[in-house]
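Written out below as structure tokens is the structure these notes cover.
The values are calculated or read from the model by the stated rules, or taken from the named source; none is laboratory data. For clarity, every value in this text was computed on a predicted model and none was experimentally measured. Glycine gets a Cβ as well: all are built from the backbone with ideal geometry, and neighbour counts include every protein chain shown.
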Amino acid sequence: MKILSLNFIKQHSRIDYDCEDDLLELYGDSAEETLAQYLNRGKTVDEMVADLKEVYGCIPAPLYHAALMLVDISYQYRSPVSPTNVSVVPYTFNILVKPYMKL
């Protein structure tokens with residue numbers, strides 16, 4: 001993970017145990033890759049980070065928030081569809097991320 005840390009993810013999701021750390025790291029990597037593709041600021045997470053730092057001087061807080069939301073949603077709802085529930089990425093994600101998208 002280039003943006004998030006395992007400790008930050010666990011703090012955000014209120015996870016006190018270590019038995020799923022590998023899974024959380026996978027979700028963290030996936031969230032960062034998703035941001036990179038969604039923002040269109042390079043083809044890789046490294047390119048996205050470099051571009052954001054060049055333009056904003058840092059990675060804007062809303063993007064950290066969006067990445068943490070993606071990890072938490074992936075962790076809490078491990079499948080987007082079940083017989084009783086259909087989960088989608090919340091509208092809040094779009095509000096946080098869209099201002100930083102390159103068109």
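Here I59 meets each of (1) in a helix (DSSP H, G or I); (2) at pLDDT 90 or above with one exception, condition (1). Of the residues in segment 15-27, none is modelled with pLDDT under 95 and under 19 Å from K98 (Cα atoms).
For segment 3-14: of the residues being surrounded by 14 or more Cβ atoms within 10 Å (Cβ to Cβ) and free of Cβ contacts under 8 Å to residues at least 40 places away in the same chain, which is farthest from Y75 (Cα to Cα)?
Of segment 3-14, the ones surrounded by 14 or more Cβ atoms within 10 Å (Cβ to Cβ) are 3-4, 6, 8-10, 12-13.
Now restrict to residues that are free of Cβ contacts under 8 Å to residues at least 40 places away in the same chain: 6, 10.
Working: L6: 13, K10: 11 Å.
My answer is L6.
Does M69 satisfy the criteria of being under 14 Å from the mean Cα position of the chain (by Cα) and outside any helix (DSSP H, G or I)? No.
Yes/no per residue for (1) out of contact with any Leu (no Cβ under 7 Å at 6 or more places or on another chain); (2) at pLDDT 85 or above:
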site	(1), (2)
A36	yes, yes
R41	no, yes
M48	no, yes
S74	yes, yes
V81	yes, no
T84	yes, no
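Report, by residue number, each residue of segment 39-55 that is out of contact with any helix residue (DSSP H, G or I) (no Cβ under 8 Å at 6 or more places or on another chain) and free of Cβ contacts under 8 Å to residues at least 60 places away in the same chain. Write out each step before concluding.
First, pick out the residues of segment 39-55 that are out of contact with any helix residue (DSSP H, G or I) (no Cβ under 8 Å at 6 or more places or on another chain): 40, 46, 49-51, 53-55.
D46, V49, A50, D51, K53, E54, V55 - these are the residues of segment 39-55 that are out of contact with any helix residue (DSSP H, G or I) (no Cβ under 8 Å at 6 or more places or on another chain) and free of Cβ contacts under 8 Å to residues at least 60 places away in the same chain.
Summed over segment 2-52, the residues that are assigned to a loop (DSSP other than H, G, I, E, B) and more than 10 Å from the chain's Cα centre (by Cα) give a count of 14.
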